[in-house]
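Engineer: Below: one structure in structure tokens.
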Amino acid sequence: AVSPVPFADSDFIKLTEKSIVIPTIEGLKSEGIDYKGFIFIGLMNCGGTPYVIEYNVRMGDPETEAVMPRIKSDLLSHFIAVGNETLDQERIVISKEYALTLVMVSGGYPGSFVKGYRIEGTERVDEGTLFHAGTALKDGELITSGGRVLALTLLSDGIEHGRELLYSQAGRVSFKDMFYRKDIGLDLL
């Protein structure tokens, strides 16, 4: 995942709000649904027109790992404001940096895969944030316990530089049958 995506300029965002976000909120209101929380709207950009791929009532994965690190204001304060219905009084501050997230998966994922492989090198990751997903501790050792094992997120001033950092850091981690995409962000360059 990459955040922000360069094609989401002000015109694209305005079109998305007008054609998708506002109708979604109006639809909730018309159904009498008093919804408080995330509505994750997965979009596809087709020639400058946004199309909905999915709605979800939680943040998506790995999009969460690329969006949340860019929020520089107090996220807990924003959550409290949602509950208190005072979110309009909050100022959400978003970093202009790019966040790139790489998911390290078990070989065979999303199909069948083996669990229990020893994970090495996480202590050598010294830039970014390493999120644990399908990991466990067994006899004091970090092992794989799911298909999506780890997600690594790095903040950078650009996609190209971010890719260099991302892959240099990811190369420090290893486990048997580890796999990850090599093309993160290339479609946006």
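The values are calculated or read from the model by the stated rules, or taken from the named source; none is laboratory data. Keep in mind that what you see is a predicted model, and the values were worked out from it rather than measured. Every residue, glycine among them, receives a Cβ derived from its backbone with ideal geometry; neighbour counts consider all protein chains shown. Ligands, DNA and RNA are stripped out before the accessible areas are found, and what is left, the full protein with its side chains, is counted by its heavy atoms. Shrake-Rupley method; radii C 1.70, N 1.55, O 1.52, S 1.80 Å.
Engineer: Give the Debye-formula value of log10 I(q)/I(0) at each listed q (0.11, 0.19 Å⁻¹), with one equal scatterer per alpha carbon of the chain, two decimals each.
Structural biologist: -0.61, -1.35
Engineer: For VAL149, which sequence-distant residues (separation of 5 or more, or a different chain) have an amide H within less than 5 Å of its own amide H, given hydrogens modelled in the peptide plane?
Structural biologist: Amide H neighbours of VAL149, under 5 Å, 5+ apart: MET104, VAL105, SER106, GLY134.
Engineer: Now for a separate question. Work out from phi, with θ = phi - 60° and the Karplus expression 6.51 cos²θ - 1.76 cosθ + 1.60, the ³J(HN,Hα) of each residue of the stretch 32-40, listed in order in whole Hz, and give x for Gly and Pro.
Structural biologist: With coefficients 6.51, -1.76 and 1.60, one gets x, 8, 8, 8, 10, x, 7, 10, 8 Hz.
Engineer: List the lysines whose Cα lies under 28 Å from the Cα of LYS36, skipping any in the same chain that are fewer than 8 positions away.
Structural biologist: Straight-distance partners of LYS36: LYS14, LYS18, LYS72, LYS96.
Engineer: Work through the residues other than ILE22 whose Cβ is under 13 Å from its Cβ and net out their charges, Lys, Arg +1 and Asp, Glu -1. Display every interim value, and only then the final one.
Structural biologist: Working: positive: LYS14, LYS18, LYS29; negative: GLU17, GLU26.
In short, +1.
Engineer: When the Karplus curve 6.51 cos²θ - 1.76 cosθ + 1.60 is applied with θ = phi - 60°, which whole-Hz ³J(HN,Hα) does each residue of the stretch 133-139 get, with x for Gly and Pro?
Structural biologist: Result, rounded to whole Hz: 10, x, 10, 8, 9, 9, 6.
Engineer: Further question on the same structure: Sorting SER156, SER168 by accessible area (1.4 Å probe), largest first, what list results? Display every interim value, and only then the final one.
Structural biologist: Details: SER156 5, SER168 60 Å².
Heavy-atom accessible area, descending, gives SER168, SER156.
Engineer: Turning to a different aspect of this structure: Percent of accessible area on the chain owned by carbon and sulfur, 1.4 Å probe? Mind dumping the intermediate values first?
Structural biologist: Details: 6140 of 11450 Å².
It is 54 percent, rounded to a whole number.
Engineer: Still on this structure, I have one more. Per residue of the stretch 145-160, in order, report the coupling 6.51 cos²θ - 1.76 cosθ + 1.60 (Karplus, θ = phi - 60°) as ³J(HN,Hα) in whole Hz, putting x for Gly and Pro.
Structural biologist: In residue order, the calculated couplings are 9, x, x, 8, 8, 9, 10, 10, 10, 10, 9, 8, 7, x, 5, 4 Hz.
Engineer: Where the centre of each part is set by its Cα atoms, how far does the stretch 1-78 sit from the stretch 88-124, in angstrom?
Structural biologist: 20
Engineer: Then there's this: Give the angle, between 0 and 90 degrees and rounded to the nearest 10, that separates the Cα long axis of helix 75-84 from the longest principal axis of the Cα atoms of the chain.
Structural biologist: 40
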